[in-house]
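> Here it is, the structure in full.
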Amino acid sequence: MEKLDWGRAAPVCFEPCLDSTNRRLKELAAGGAPDGTVLIAGRQTGGRGRLGRSFASPEGGLYLSVLRRPGCPPERTATLPAIAGLAVCRAVRELSGAEPGLKWPNDVILNGRKLCGILLESVAGPEGLRIVAGIGVNVNLRREDFPEELRDTACSLLTETGRETEILLLARRLTEELDGLYAAWLNGEKAWLEEYRRLCLSPGREILVIRGEERRPAWALSLGEDGALLVRYRDGSLEALRSGEVSVRGLMGYV
Ligand code: BTN
């Protein structure tokens with residue numbers, strides 16, 4: 001495993017190929033890896049997505065996981081996925097000039113298609129909560145690098161800007177944004193919420209709420225303080241959706 005010297009207190013490690021940076025980092029966490037450890041892979045053979053899905057991870061993408069030991073009760077961490085999404089939006093904007101938004105809770109969207117997926121996994125260890133935040137950004141993938149079934153809903157920085165982006169430069173910028181936003185979040189600062197509301201594309205759209213096999217059309221209304229998405233179903237009933245339980249999909253297009 002190569003160590004990258006980015007002048008951070010916690011280590012940044014790179015492996016050309018791993019099954020899953022999330023899985024491997026959870027293992028390192030159990031072995032005592034410090035808070036803030038970052039693990040990056042050039043490609044993944046068993047990339048994991050939300051809700052038990054897989055995540056296509058060919059060469060040309062950025063696959064990064066960061067370990068956090070927040071020392072707070074689990075219910076406080078519901079807003080962390082939003083923080084990770086914001087960090088990706090900032091880093092992508094700074095490095096490529098592209099202006100991504102977020103599909104609730106934390107898919108990063110560019111021109112109506114998915115640029116990046118985020119998976120947070122938490123494990124309660126004897127020393128407290130460990131959180132592994134995994135981020136997969138489609139950086140230099142061409143359309144044909146995506147599995148057939150994703151070609152209409154996924155995009156990459158290359159397909160949208162026509163330019164290649166230096167993957168480790170993006171990784172470093174992303175890590176800096178994650179570190180800064182996380183420190184503010186840990187401090188109880190709420191400034192991120194306004195930025196999240198500005199970037200989140202879901203409110204005001206007609207969506208499908210997906211829970212297992214069930215699909216229910218609804219209007220996405222607004223975002224709560226805790227990052228929950230408030231929706232109204234066609235029968236008039238309201239629900240605050242929490243990110244661990246459901247996913248949403250636009251009724252008119254992906255977002
Ligand atoms: C999703 O869109 O469903 C979430 C995808 C998360 C993918 C990233 S890539 C780095 C990290 N390692 C994994 O196995 N998954 C996450």
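> Only one residue in Glu75, Glu59 is surrounded by fewer than 17 Cβ atoms within 10 Å (Cβ to Cβ), within 24 Å of Ala184 (Cβ to Cβ) and not hydroxyl-bearing (Ser, Thr, Tyr), so which one is that? Show your work before the answer.
Details: Glu59 fails: within 24 Å of Ala184 (Cβ to Cβ).
Only one candidate passes the filter, namely Glu75.
> Still on this model: Inspect region 197-207 for any residue being in contact with a Gly (Cβ under 9 Å, 6 or more places away or on another chain), more than 17 Å from Gly85 (Cα to Cα) and outside any loop (DSSP other than H, G, I, E, B) and give the result as yes or no.
So far as region 197-207 goes, yes, one or more of its residues are in contact with a Gly (Cβ under 9 Å, 6 or more places away or on another chain), more than 17 Å from Gly85 (Cα to Cα) and outside any loop (DSSP other than H, G, I, E, B).
> Run Leu51 past the list (1) among the aliphatic types (A, V, I, L, M); (2) closer than 26 Å to Glu245 by Cα; (3) more than 10 Å from the ligand (Cβ to nearest atom) and report the number of the one that doesn't hold.
(3)
> Continuing with the same structure: Give just the number: which of (1) within 14 Å of the ligand (Cβ to nearest atom); (2) within 26 Å of Gly180 (Cβ to Cβ) does Met1 not satisfy?
Every condition holds for Met1 apart from (1).
> Also, I was wondering about something else. So which residues in region 12-42 are more than 10 Å from the ligand (Cβ to nearest atom) and more than 29 Å from Leu186 (Cβ to Cβ)?
Hits for region 12-42 are Pro16, Cys17, Gly42.
> Still on this structure, I have one more. Could you tell me which residue of region 105-119 is farthest from Arg93 (Cα to Cα), considering only residues that are within 8 Å of the chain's Cα centre (by Cα) and within 9 Å of the ligand (Cβ to nearest atom)?
So in region 105-119, the residues within 8 Å of the chain's Cα centre (by Cα) come out as 106-108, 116-119.
Within this subset, residues satisfying the condition of being within 9 Å of the ligand (Cβ to nearest atom) are 106-107, 116-119.
On the way: Asn106: 16, Asp107: 15, Cys116: 13, Gly117: 16, Ile118: 17, Leu119: 21 Å.
Among those residues, the one meeting the criterion is Leu119.
For every residue, the table says whether it meets (1) closer than 21 Å to Thr159 by Cβ; (2) touching a residue at least 60 places away in the same chain (Cβ under 8 Å); (3) under 16 Å from the mean Cα position of the chain (by Cα).
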{"residue": "Lys26", "(1), (2), (3)": "no, yes, no"}
{"residue": "Val38", "(1), (2), (3)": "no, yes, yes"}
{"residue": "Arg43", "(1), (2), (3)": "yes, no, no"}
{"residue": "Ala56", "(1), (2), (3)": "yes, yes, yes"}
{"residue": "Leu62", "(1), (2), (3)": "yes, yes, yes"}
{"residue": "Val66", "(1), (2), (3)": "no, yes, yes"}
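> Looking at Ala87, is it closer than 12 Å to Ala133 by Cβ and within 15 Å of the ligand (Cβ to nearest atom)?
On the way: closer than 12 Å to Ala133 by Cβ: yes; within 15 Å of the ligand (Cβ to nearest atom): yes.
In short, yes.
> Pairs needed: first member in region 111-136, within 13 Å of Pro34 (Cα to Cα); second member anywhere, within 9 Å of the ligand (Cβ to nearest atom) and not in a strand (DSSP E or B); C-beta distance under 6 Å; at least 6 residues apart or different chains.
As it stands, the answer is Val132/Asn22; Val132/Leu25, since those pairs meet every condition given.
Every number in this text was worked out from the coordinates using simple rules, so none of it is lab data. All of these numbers come straight from a predicted model, not from anything done at the bench. Cβ: placed from backbone, ideal geometry, glycine included. Neighbour counts: every protein chain shown.
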